[in-house]
Amino acid sequence: MLAYLRRRVLSSALPLLVVILGVFFLARLTGDPTNLYLPLSATAQQRADFAARNGFDQPVLVQFVDYVGQVVRLDFGESLRTAQPAATAVLRAFPATLQLAGAAMVIAVLAALVVGSLAAYRPNSAADRAASFLSSAASSTPDFWFAIMGVLVFAVWLGWLPTSGTAGAAAWILPVVTLLIRPFGVLVQVVRGAMVTALSAPYVKVARSKGASERQVIFGHALRNAGAPVLTVAGDLAVGLVNGAVVVETIFGWPGIGKLMIDSILQRDFAVLQAAVLVTAVAIFLLNILIDVGYALLDARVRQGAMA
């Protein structure tokens, strides 16, 4: 297992290097921050002093080498806007994103397990057809459209929910539902397909012949063996939730890493943007490692292959 994890870590090193390279150079395509942080009346000397103070007077390649050296030392620089360490802003925003994505993913998985299992228990029934329609509609609904319509209907027209912020449980409803709707739709289809296969397996017939109740058959035997493909897809969707939080956080004013990225782009705050993207990439990398470990624990064939 350790050899398997070592291979996965080494194989993910190159993508992380690409992220470091890409975010550094792409950030500079947003424009010169000097024009944003200094008034139009600033003199040439003031502009030169600003550039020298922030290292913008150096060639881009020199700036990149300095940046990589800082990252190795876990120094992400200072925010141009607040003059505080960029890592402080990122670490302050990232928990909000994890809370939002985590709540959405937990609810989506639990709901999908229930709906998908019930649909698979009686294929082609009314419940199965209703679950298929619901999952298809949910998986094909764009996040931004649902978010906008949710704000329009439940916040503006009905006045039941706030349009933005994090104060109170009501403020969580629209962002969480917006994030979970697509993973729920996809997972219902995956759970149903895996459960249909599992329920027709020989070990289920043996369990029933031994007098096991239907609850034991579904949740104790079939669902446990159908867990591997569900875990894999859920992990991929969880990674997508972290990325998709950019849109949701911007619409609902959620103080997470996605909103921080957008604000940093608009403000040309290079240090904060670079730190936010890099920390997000590392979090996704660690999440993928956890998914691989979970999949290996659920599937003996993967576990044996990892030990080979």
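Couple of notes before you dig in:
- Condition check for SER135: crowded, with 21+ Cβ neighbours inside 10 Å and either farther than 19 Å from ILE262 by Cα or among the β-branched types (Val, Ile, Thr) (or both): yes
Residues are listed down the side, and each one gets a yes or a no for (1) in contact (Cβ under 8 Å) with a residue 12 or more places away in the chain; (2) within 18 Å of ALA108 (Cα to Cα); (3) among the aromatic types (Phe, Trp, Tyr); (4) outside any helix (DSSP H, G or I):
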{"position": "ALA198", "(1), (2), (3), (4)": "yes, no, no, no"}
{"position": "GLY211", "(1), (2), (3), (4)": "no, no, no, yes"}
{"position": "VAL217", "(1), (2), (3), (4)": "yes, no, no, no"}
{"position": "LEU231", "(1), (2), (3), (4)": "yes, yes, no, no"}
{"position": "ALA234", "(1), (2), (3), (4)": "yes, yes, no, no"}
{"position": "ALA245", "(1), (2), (3), (4)": "yes, yes, no, no"}
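- Meets criteria (among the hydroxyl-bearing types (Ser, Thr, Tyr), touching a residue at least 12 places away in the same chain (Cβ under 8 Å) and either closer than 24 Å to VAL72 by Cβ or buried (at least 21 other Cβ atoms within 10 Å of the Cβ) (or both)) for THR250: no
- The sole residue among GLY77, GLY116 that is touching a Pro at 6+ places or on another chain (Cβ under 9 Å), of a type in the set (Gly, Ala, Ser) and touching a residue at least 40 places away in the same chain (Cβ under 8 Å) is GLY77.
- Residue among LEU36, LEU29, LEU14, LEU40 that alone is under 30 Å from ASP292 (Cβ atoms) and of a type outside the set (Gly, Ala, Ser): LEU14
- Test: residue in region 60-71 that is of a type in the set (Asp, Glu), over 18 Å from GLN267 (Cβ atoms), within 28 Å of the chain's Cα centre (by Cα) and at pLDDT 80 or above: no
- Residues satisfying the stated conditions in region 22-58, i.e. among the hydrophobic types (A, V, I, L, M, F, W, C), under 17 Å from SER79 (Cα atoms) and exposed (fewer than 14 other Cβ atoms within 10 Å of the Cβ): ALA52
- Selection from region 29-71 of residues that are closer than 19 Å to ALA87 by Cα and touching a Phe, Trp or Tyr at 6+ places or on another chain (Cβ under 7 Å): PHE64, TYR67, GLN70
- Between ALA108, ALA171, ALA194, the distinction of being within 26 Å of the chain's Cα centre (by Cα), under 19 Å from THR250 (Cα atoms) and either surrounded by fewer than 16 Cβ atoms within 10 Å (Cβ to Cβ) or not β-branched (Val, Ile, Thr) (or both) belongs to ALA171 only.
- The set of residues from region 259-284 being in a helix (DSSP H, G or I) and either at pLDDT below 80 or farther than 19 Å from THR97 by Cα (or both) comprises LEU266, GLN267, PHE270, ALA271.
- Scan of region 79-102 for residues that are surrounded by 17 or more Cβ atoms within 10 Å (Cβ to Cβ) and of a type in the set (Gly, Ala, Ser), ordered by number: SER79, ALA86, ALA87, ALA89, ALA93, ALA96, ALA101
The values are calculated or read from the model by the stated rules, or taken from the named source; none is laboratory data. Keep in mind that what you see is a predicted model, and the values were worked out from it rather than measured. Counting neighbours? That spans all protein chains shown, and the Cβs are built from the backbone with ideal geometry, glycine included.
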